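This report concerns only the one structure given below.
The values are calculated or read from the model by the stated rules, or taken from the named source; none is laboratory data. In this text, all values refer to a predicted model and were calculated from it rather than measured experimentally. Backbone-built Cβ (ideal geometry, glycine too); neighbour counts: all protein chains shown. All accessible areas refer to the heavy atoms of the entire protein, side chains included, with ligands and DNA or RNA removed. Shrake-Rupley method; radii C 1.70, N 1.55, O 1.52, S 1.80 Å.
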Amino acid sequence: MLPRKTKVKGKVLSIPIDRIEPSPFQARTRFDEREIAQLALSIVENGLLQPVSVRRRGDKFQLIAGERRLRACKMAHMKEVPAILCDYQDTQTAALGLLENIQRQNLNPFEQARGIREMVQLWGCTQEEAAKRLGMTQPTLNNKLRLLMLTQEQQLFCLEHKLTERHARAVLRLEDPELRTKALQQFVRQGMNARQADAYVERLLTSAPKKRSVPMVRDVRIFVNTINKAVRLMVDAGVPASTRKTEGEGFVEYTVHIPTGAAQR
C-alpha cells in the first residue's frame, strides 16, 4: 500500500489493480475482447512494457491513459500494475486520454467525434482553438463533429457494416434522415467504396425534383438568418445542432434539431 501523501509524481509505481478506477473521460465505448485477450497473453509472457498513467483520487487512483492495458492486466489476473503517477487537472486528463486514442487510431469515428465534442465543452473554447490544441485543422475537426448529426441507429449501422468516415459524411449531404438510412443501406448492398458512395449521393441530389422556391419578404429573411446564425454558434461550441428547411404553398418551415445532454452521448 502506498502512503497517501507520498511524493512520487512522474515515477513508475506498482499499484494494486483494484485501487485503479476507470477514467470518466474515456471516449471509447467499444473494446475488442479478442484484442484484449491477445494483449493479456503478451503481458503474461513479457510483462507490461508500457505503464498506465494515473492520478490520485483520495485513497484510490483514477486512470488517465491505458484503458486497454488495464483491462488486459485484469484479464491476466495481475494483482498490481506498473503506473506513472501524474498530477493533472480534468482538462489535461481528458485531453491526454483522447489524444492517446486518436494517435493510436483506437477510436471509431463516432467515438472520436464524441470525445472531441466533450473536449470542446470541457475547455469552453471555440472549435478553432480546440483544433489547435488537438493538432488538427478546423475543417477536419468540424467534419468529425458533423458525424454526430447521424442518428444512433445510423452510427451503429456504419460500424456494424464497416463503413468508413467518408461513407458517413457522404450521406450528411442528404437532409432527410430516411434518405440517409436508405443510402447507407445501398452502400452496403452494392459494396460501394467511399468514392462510389459520394457519386451515388451526388446522383440522388441532382435527380431530386426541384422545389419551387417561395419568395421571402425582408423580415422573414432576417428571421431565417437569425436562426442559421444561432445554429452555427451552437455547432462552433461543439453542439451538433442542425436545421431542416421545408417549403410549401405560401410558407417556409424550419425545424431546428438540438440534441439534449443525454442524446449527445
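Taking the condition of being of a type outside the set (A, V, I, L, M, F, W, C), modelled with pLDDT under 80 and either open to solvent by 40 Å² or more (accessible area, probe 1.4 Å) or in a strand (DSSP E or B) (or both), how many residues in region 7-25 meet it?
Of the residues in region 7-25, 5 are of a type outside the set (A, V, I, L, M, F, W, C), modelled with pLDDT under 80 and either open to solvent by 40 Å² or more (accessible area, probe 1.4 Å) or in a strand (DSSP E or B) (or both).
For (1) part of a helix (DSSP H, G or I); (2) at pLDDT below 95; (3) open to solvent by less than 80 Å² (accessible area, probe 1.4 Å), each residue gets a yes or a no:
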{"residue": "Leu156", "(1), (2), (3)": "yes, yes, yes"}
{"residue": "His167", "(1), (2), (3)": "yes, no, yes"}
{"residue": "Arg173", "(1), (2), (3)": "no, yes, no"}
{"residue": "Lys211", "(1), (2), (3)": "no, yes, no"}
{"residue": "Asn228", "(1), (2), (3)": "yes, yes, yes"}
{"residue": "Val239", "(1), (2), (3)": "no, yes, yes"}
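State yes or no: is Ala83 modelled with pLDDT of 80 or more, open to solvent by less than 10 Å² (accessible area, probe 1.4 Å) and not in a helix (DSSP H, G or I)?
yes
Given the conditions (1) exposed (fewer than 13 other Cβ atoms within 10 Å of the Cβ); (2) at pLDDT 80 or above; (3) closer than 24 Å to Pro139 by Cβ, which single one is not true for Leu233?
Answer for Leu233: the failing condition is (2).
Which count do you get for residues in region 26-56 that are at pLDDT 80 or above and closer than 25 Å to Arg117 by Cα?
The qualifying residues number 4.
In region 119-152, how many residues are over 21 Å from Thr243 (Cβ atoms), of a type outside the set (S, T, N, Q) and open to solvent by 50 Å² or more (accessible area, probe 1.4 Å)?
Summing the residues that are over 21 Å from Thr243 (Cβ atoms), of a type outside the set (S, T, N, Q) and open to solvent by 50 Å² or more (accessible area, probe 1.4 Å) in region 119-152 gives 7.
Identify all residues within region 53-68 that are without any contact (Cβ under 8 Å) to a residue 40 or more places away in the chain and not in a strand (DSSP E or B); write none if there are none.
Answer for region 53-68, where residues must be without any contact (Cβ under 8 Å) to a residue 40 or more places away in the chain and not in a strand (DSSP E or B): Gly58, Gly66, Arg68.
Looking at Lys132, is it under 22 Å from Phe31 (Cα atoms) and either modelled with pLDDT of 95 or more or out of contact with any Lys or Arg (no Cβ under 7 Å at 6 or more places or on another chain) (or both)?
no
Of all residues being modelled with pLDDT under 70 and out of contact with any Gly (no Cβ under 9 Å at 6 or more places or on another chain) in region 213-223, which is most open to solvent (accessible area, probe 1.4 Å)? Just the residue, please.
Arg218
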